[in-house]
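The values are calculated or read from the model by the stated rules, or taken from the named source; none is laboratory data. Bear in mind the structure is a predicted one, so any value in this text is a computation, not a measurement. With ideal geometry, Cβ positions are generated from the backbone for all residues, glycine too; neighbour counts draw on all protein chains shown.
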Amino acid sequence: MCSNDSPSVKPDGTADAAELAADYEEFLLDIEEQPLPEYRTDELRARIEEIRGTLAVEGVASAGQLQQLLRTATEALADVRAARVVSAPTGRDLANAVPGAADTGAAYEMTETEQQQATNVLIDLLFTVVETPTHEDRRRREEPATRDDDARGDTDDGARGDTRDDDARDDTRDDARDTRDGAHSTDTEDGTDFGVTGYAGPE
């Protein structure tokens, strides 16, 4: 994979699951061609296969899967940069190679060209990992639509509630008028004066 390649990105900023799965499949081939220690190659392959499987089924990857692959790819990149650069490695046994620790295992050696190529592949992989959507990314994309639906529902409910409130207020006003009119009629008919009649003023 060329270092300028990147996953297909949709208008909403997310990468297409099918394109990502194809990218990860290509990384499997690219990594096999790099002079990485065997244990690194095995771990990268396992991590990538896990993500490809999840993308195929769910269209996204789990955050845990991406974090594990990110860690593995970062460590592999550090191995490559720590390797001893030689003109032509001899007797290289990548099954026992321990990058940067020749005293505890076989020396990890590679040519300058090999180092550059492996670096490019791993950096491309890191960028792809970062661009791979997770379940949380999917939830964030779905939340705005849910909020819009809720807002429309609240508006409709609010409109209905306002109508109900207006009806209630009208009924209250009618009851108040009826009560007031009834009281006025009773006061007139019975001559009720609320204690005003007979008041002679201040002495």
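All of T90, T54, T72 fail the test of being modelled with pLDDT under 95, over 18 Å from Q116 (Cβ atoms) and part of a helix (DSSP H, G or I), apart from T54. For region 119-136, filtered to residues that are closer than 18 Å to L28 by Cβ and of a type in the set (D, E), the residue that is modelled with the highest pLDDT is D124.
Hey, among A97, A102, A107, which residue is at pLDDT below 85, surrounded by 13 or more Cβ atoms within 10 Å (Cβ to Cβ) and in contact with a Lys or Arg (Cβ under 7 Å, 6 or more places away or on another chain)? If you could, list the steps in order and put the result at the bottom.
Values: A97 fails: in contact with a Lys or Arg (Cβ under 7 Å, 6 or more places away or on another chain); A102 fails: in contact with a Lys or Arg (Cβ under 7 Å, 6 or more places away or on another chain).
Every option except A107 fails the conditions.
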